[in-house]
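Enquirer: Structure provided below as structure tokens; questions to follow.
The values are calculated or read from the model by the stated rules, or taken from the named source; none is laboratory data. Because the structure is a prediction, the values reported are computed rather than measured. Glycine gets a Cβ as well: all are built from the backbone with ideal geometry, and neighbour counts include every protein chain shown. Areas reflect the complete protein model, heavy atoms only, side chains present, ligands, DNA and RNA absent. Shrake-Rupley method; radii C 1.70, N 1.55, O 1.52, S 1.80 Å.
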Amino acid sequence: MNSDVDTNELPAGIVPLGNEIYAIDAMLAGYPGVVSSYLIRTERPCIIEVGTSGSAPVLKDAVIALGLAPEDLATIVVTHIHLDHAGGTGDMAALFPNAEIVVHERGARHLADPSRLMASAKMVWGDRLETLFGHMRPTEAPRIRSVAETGRIDLGTGRELVSHYAPGHAKHHMSLVDTLTGDLYVGDALGVYNPLTEDVRPATPPPDFDLDACLRTLRLFGDIAPQRLMFSHFGAVDAAAETIDAAEVELRLWVETVREAHSTDGDLDHAVAMVKEKVISRYRPLPPDASQETTAVLDLLSGAEANVGGIMHWLDRLAQEQAEAQRLREEQER
């Protein structure tokens, strides 16, 4: 490993964040500003988030530009197995032959055999699947280490990443704390941060979104009291406590708005229209030079339709659970 990196000569898309941390734009679908991967360039180098299959060569070039050989990488971590975060895991494993792959236990089997995950994604994305995400290759099972409620990843010289189970966005989601810096790698558990407007929006896709689980995760993040938030979409944020609070406000407002539309028998289009009118209209407009392609991709991944669809799916599931509980109570009273 080359110990000297001239941060003034780094390629575009690599941002030094101090303490040997580098944000790397994974260039999802070839577009900047969608997925942020992170390299912690320590004694045991680690990459957090890998983007899609097309991101793997981008990350390899970045690792080499930062003075590492592919054989130097010790660990690859994905916060969850959605394709924009973990779709390139198999390709990354092939490019970095000594890296252990760390994932939450609920997602491990899908890295080893992504066939069900890809079939489900095909149903959701159709013809756009290949363009957006490519094809997820299997990862050799012996190289996968799964963690449960918490886990530890050795970065060398006493520095660790501590994983915390963080459901709500997905049942297989975890977040990570750097014991040296107090940085919290949030994945999608806190939502999507737009550095151009400095707003944070929830990420509530079907089928796993669960409001109560999301709120528990936000409370966990508050208890952790991170020094900085490392968003996968997109970049590092210093105002950690304020951003966690803002994320909860936005999450509750999105849910309340969709619940209002849902209670009047409104369909998805009606709920989306209400969210755009009551919620999204409050956000700062994008600057004129913002990439329309990047904005379009982010809207597909976590825009109004995806978020509203997830919230409505959760409301329907909640209604079914309540109806079943009522039926059981009535049976017991007979």
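Enquirer: Given the structure, is residue 118 modelled with pLDDT of 95 or more, over 17 Å from the mean Cα position of the chain (by Cα) and open to solvent by less than 70 Å² (accessible area, probe 1.4 Å)? I'd like the intermediate steps shown before the answer.
Expert: Values: modelled with pLDDT of 95 or more: no; over 17 Å from the mean Cα position of the chain (by Cα): yes; open to solvent by less than 70 Å² (accessible area, probe 1.4 Å): yes.
No: the conditions fail for residue 118.
Enquirer: Could you check how many residues of the stretch 295-314 are at pLDDT 90 or above and farther than 15 Å from residue 272 by Cα?
Expert: Residues that pass the stated criteria total 1.
Enquirer: Restrict the check to the stretch 289-298 and report whether at least one residue is more than 28 Å from residue 30 (Cβ to Cβ) and of a type outside the set (A, V, I, L, M, F, W, C).
Expert: If we filter the stretch 289-298 for residues that are more than 28 Å from residue 30 (Cβ to Cβ), which is where we start, we get none.
Among the residues of the stretch 289-298, not one is more than 28 Å from residue 30 (Cβ to Cβ) and of a type outside the set (A, V, I, L, M, F, W, C), which makes the answer no.
Enquirer: Sticking with this structure for a sec: What about residue 299, is it among the acidic types (Asp, Glu), on the phi < 0 side of the Ramachandran plot and assigned to a loop (DSSP other than H, G, I, E, B)?
Expert: Working: among the acidic types (Asp, Glu): yes; on the phi < 0 side of the Ramachandran plot: yes; assigned to a loop (DSSP other than H, G, I, E, B): no.
No; evaluated as a whole, the condition is false for this residue.
Enquirer: Condition test on residue 275, is it surrounded by fewer than 15 Cβ atoms within 10 Å (Cβ to Cβ) and either modelled with pLDDT under 95 or in a helix (DSSP H, G or I) (or both)? Working first, answer last.
Expert: On the way: surrounded by fewer than 15 Cβ atoms within 10 Å (Cβ to Cβ): no; either modelled with pLDDT under 95 or in a helix (DSSP H, G or I) (or both): yes.
So residue 275 fails the test.
Enquirer: Across the stretch 289-313, which residue is least open to solvent (accessible area, probe 1.4 Å) among those that are among the acidic types (Asp, Glu) and more than 21 Å from residue 214 (Cα to Cα)? Talk me through it step by step, then tell me what you get.
Expert: Quick first cut of the stretch 289-313, residues among the acidic types (Asp, Glu) only: 289, 293, 299, 305.
With the extra rule that they be more than 21 Å from residue 214 (Cα to Cα), the set shrinks to 289, 293.
Values: 289: 133, 293: 96 Å².
Taking the candidates together, the pick is 293.
Enquirer: Could you say which residue among 253, 318, 286 is assigned to a helix (DSSP H, G or I) and either touching a residue at least 40 places away in the same chain (Cβ under 8 Å) or exposed (fewer than 15 other Cβ atoms within 10 Å of the Cβ) (or both)?
Expert: Working: 253 fails: either touching a residue at least 40 places away in the same chain (Cβ under 8 Å) or exposed (fewer than 15 other Cβ atoms within 10 Å of the Cβ) (or both); 286 fails: assigned to a helix (DSSP H, G or I).
That would be 318, the only listed residue that is assigned to a helix (DSSP H, G or I) and either touching a residue at least 40 places away in the same chain (Cβ under 8 Å) or exposed (fewer than 15 other Cβ atoms within 10 Å of the Cβ) (or both).
Enquirer: Next up: State whether the residues of the stretch 235-245 include one that is among the hydrophobic types (A, V, I, L, M, F, W, C) and either assigned to a loop (DSSP other than H, G, I, E, B) or open to solvent by 90 Å² or more (accessible area, probe 1.4 Å) (or both). It would help to see each step written out before you state the result.
Expert: Step one: filter the stretch 235-245 for residues among the hydrophobic types (A, V, I, L, M, F, W, C), giving 236-237, 239-241, 244.
After this cut, where a residue has to be either assigned to a loop (DSSP other than H, G, I, E, B) or open to solvent by 90 Å² or more (accessible area, probe 1.4 Å) (or both) as well, the list is 239.
Yes, the stretch 235-245 contains at least one residue that is among the hydrophobic types (A, V, I, L, M, F, W, C) and either assigned to a loop (DSSP other than H, G, I, E, B) or open to solvent by 90 Å² or more (accessible area, probe 1.4 Å) (or both).
Enquirer: So residue 227 fits all but one of (1) among the polar types (S, T, N, Q); (2) open to solvent by less than 40 Å² (accessible area, probe 1.4 Å); (3) touching a helix residue (DSSP H, G or I) at 6+ places or on another chain (Cβ under 9 Å); what number is the exception?
Expert: (2)
Condition check ((1) farther than 23 Å from residue 56 by Cα; (2) in contact (Cβ under 8 Å) with a residue 12 or more places away in the chain) across all residues:
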| position | (1), (2) |
| --- | --- |
| 136 | no, yes |
| 156 | yes, yes |
| 164 | yes, yes |
| 179 | yes, yes |
| 185 | no, yes |
| 210 | yes, yes |
| 223 | yes, no |
| 239 | yes, no |
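Enquirer: If you don't mind, there's one more thing I want to ask. Just wondering, is there one or more residues in the stretch 83-105 that are assigned to a helix (DSSP H, G or I), in contact with a helix residue (DSSP H, G or I) (Cβ under 8 Å, 6 or more places away or on another chain), open to solvent by 10 Å² or more (accessible area, probe 1.4 Å) and without any contact (Cβ under 8 Å) to a residue 24 or more places away in the chain?
Expert: No: the stretch 83-105 contains no residue that is assigned to a helix (DSSP H, G or I), in contact with a helix residue (DSSP H, G or I) (Cβ under 8 Å, 6 or more places away or on another chain), open to solvent by 10 Å² or more (accessible area, probe 1.4 Å) and without any contact (Cβ under 8 Å) to a residue 24 or more places away in the chain.
Enquirer: Report, by residue number, each residue of the stretch 106-115 that is open to solvent by 30 Å² or more (accessible area, probe 1.4 Å), assigned to a helix (DSSP H, G or I) and in contact (Cβ under 8 Å) with a residue 24 or more places away in the chain. Working first, answer last.
Expert: Pass one, the stretch 106-115, residues open to solvent by 30 Å² or more (accessible area, probe 1.4 Å): 106, 109, 112-113, 115.
Subsequent filtering for residues that are assigned to a helix (DSSP H, G or I) retains 109, 112, 115.
Selection gives 112 alone.
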